[in-house]
Amino acid sequence: DAKTTQPTSMDCAEGRAANLPCNHSTISGNEYVYWYRQIHSQGPQYIIHGLKNNETNEMASLIITEDRKSSTLILPHATLRDTAVYYCIVRPGGASNTGKLIFGQGTTLQVKP
Amino acid sequence: EPEVTQTPSHQVTQMGQEVILRCVPISNHLYFYWYRQILGQKVEFLVSFYNNEISEKSEIFDDQFSVERPDGSNFTLKIRSTKLEDSAMYFCASSATSGSSEQFFGPGTRLTVL
């Protein structure tokens, strides 16, 4: 699976957009970009995923560059409850994928009042 | 909203004892997983399970570990002879239609081996 690189930590003001970057320069054509987060030792929580098009759901938006070598997770209006570790994970799609998620160290996002 | 549940929330055991960690995945899900997280470290994949057999396991998942789906609802992780280094948070997860769909994680079981 392709390796990802994320900043160790970021701060964001409450109510502002949080933009979390991820580099995945070795991503291959059949690999998706997934984002999960973990709030204070709770189980990881799925946020969003995409292949090459930008995606949006009720939690966040995912912007993937045209060359797919990097992506940005956007939390449009961060709240204190969004303080968490955010993980960018790249893994293959398709029925042959066993589902294994390889977590890195992630980005610790601190939302401040 | 359906959720993955795990019991117990905290298990304390003596080194060398067997422990069974229990999970109830979301009812219509077909793929099941165990992960662990040692305190202060990253989440690590242990095993994936589909169609009543292991589909992939990591190097961590050695002969001391086993998984089972004993009935239509439970999914268990057994550690046969616990070691101090097995102390960790163990998370169960499930996903619906394929290995590539999003995984839903339980709240975890904190295992402490003394």
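Where a number appears in this text, it was derived from the coordinates with a stated rule and is not lab data. Predicted model only: the values in this text are computed from it and were never measured. Ideal geometry is used to build each Cβ from the backbone, glycine not excepted, and the neighbour counts take in all protein chains shown.
Taking a straight Cα-Cα cut-off under 28 Å and skipping sequence neighbours fewer than 8 places away in the same chain, the lysines within cross-link reach of residue B:57 are A:3, A:100, B:42, B:78, B:83. Restricting the calculation to alpha carbons of chain A gives Rg and Dmax of 13.4, 45 angstrom. Other protein chain C-beta atoms within 10 Å of residue C-beta, averaged over B:44-54: 2. Residue by residue along A:38-46, Cβ atoms of other protein chains within 10 Å of the local Cβ number 6 on average. Structure remark: mean-square fluctuation, Gaussian network model of chain B, C-alpha springs under 10 Å; the largest value among B:103, B:11, B:41 belongs to B:41. For the stretch B:1-51, the set of trypsin sites (Lys or Arg not before Pro) satisfying both a DSSP loop assignment and a count of at most 16 other C-beta atoms within 10 Å is given as B:42.
In order along the stretch B:10-15, the Karplus-derived 3J(HN,Hα) couplings, from 6.51 cos²θ - 1.76 cosθ + 1.60 at θ = phi - 60°, round to 9, 10, 10, 9, 8, 3 Hz, and Gly and Pro are given as x.
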